[in-house]
Amino acid sequence: MDINTKQLADEALRELPQNAYIPVDAEFLERYENQISTVKRAYADKGGIHVLSTDESDAIIVRVPSAEILRKTRKNAERIADPLEQDLSLVNDCLLYPSVQVLRGWLESGSPGLASVYARKLLELSKTVVEAEAKKL
């Protein structure tokens, strides 16, 4: 991603709601269509962006983890003892919307497992936890 594309994506992300969470639904996607399109273009060649949601109303927009993020995650696993904090670190590195503070609020208000759920899905998206098949030749 070149510097100009990164700057445009960062500007578009700043135009999304910062202080209060607005659910990522059809209305949200329509209202912020231009911003989301800008961010999609920026990450198109890096796995794209995705909405991750649970069966509750909490949904986040993330980028697919890059090789650099995955390396950092591996190093964090050695350094950070708490598995929930490890998962939160990965999610934070990929989180585009909402803010980290909103996500932490969810975790602290009775949904501490959300970081792990989202982290698992991010690892799937990055092909880290895909099963491989072996055939003897």
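In table form, for the structure just shown:
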item	result
Extreme residue, nearest to the chain's Cα centre (by Cα), among residues of region 124-134 that are surrounded by fewer than 17 Cβ atoms within 10 Å (Cβ to Cβ) and not basic (Lys, Arg)	Glu124
The one condition in (1) under 24 Å from Asn19 (Cα atoms); (2) modelled with pLDDT under 95; (3) of a type in the set (Gly, Ala, Ser) that Ala67 fails to fulfil	(1)
Selection within region 105-124 - farther than 20 Å from His50 by Cβ and either without any contact (Cβ under 8 Å) to a residue 12 or more places away in the chain or touching a Gly at 6+ places or on another chain (Cβ under 7 Å) (or both)	Gly105, Glu108, Ser109, Gly110
Qualifying residues in region 48-59 (those that are modelled with pLDDT under 95 and in contact with a strand residue (DSSP E or B) (Cβ under 7 Å, 6 or more places away or on another chain)) - the one farthest from Ile3 (Cα to Cα)	Ser53
Which listed residue is over 30 Å from Asp2 (Cβ atoms), in a helix (DSSP H, G or I) and modelled with pLDDT of 90 or more, from Gln35, Gln101, Gln86	Gln86
Those residues of region 39-76 which are in contact with a His (Cβ under 8 Å, 6 or more places away or on another chain) and touching a residue at least 60 places away in the same chain (Cβ under 8 Å), in sequence order	Val62, Val64
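Each row is one residue, and each column tells you yes or no for (1) within 16 Å of the chain's Cα centre (by Cα); (2) within 29 Å of Phe28 (Cβ to Cβ).
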| residue | (1), (2) |
| --- | --- |
| Ala67 | yes, no |
| Asn92 | yes, yes |
| Ser111 | no, yes |
| Leu114 | yes, yes |
| Tyr118 | yes, yes |
| Leu122 | yes, yes |
| Lys136 | no, no |
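The values are calculated or read from the model by the stated rules, or taken from the named source; none is laboratory data. These numbers come from a predicted model, not from an experiment. Ideal geometry is used to build each Cβ from the backbone, glycine not excepted, and the neighbour counts take in all protein chains shown.
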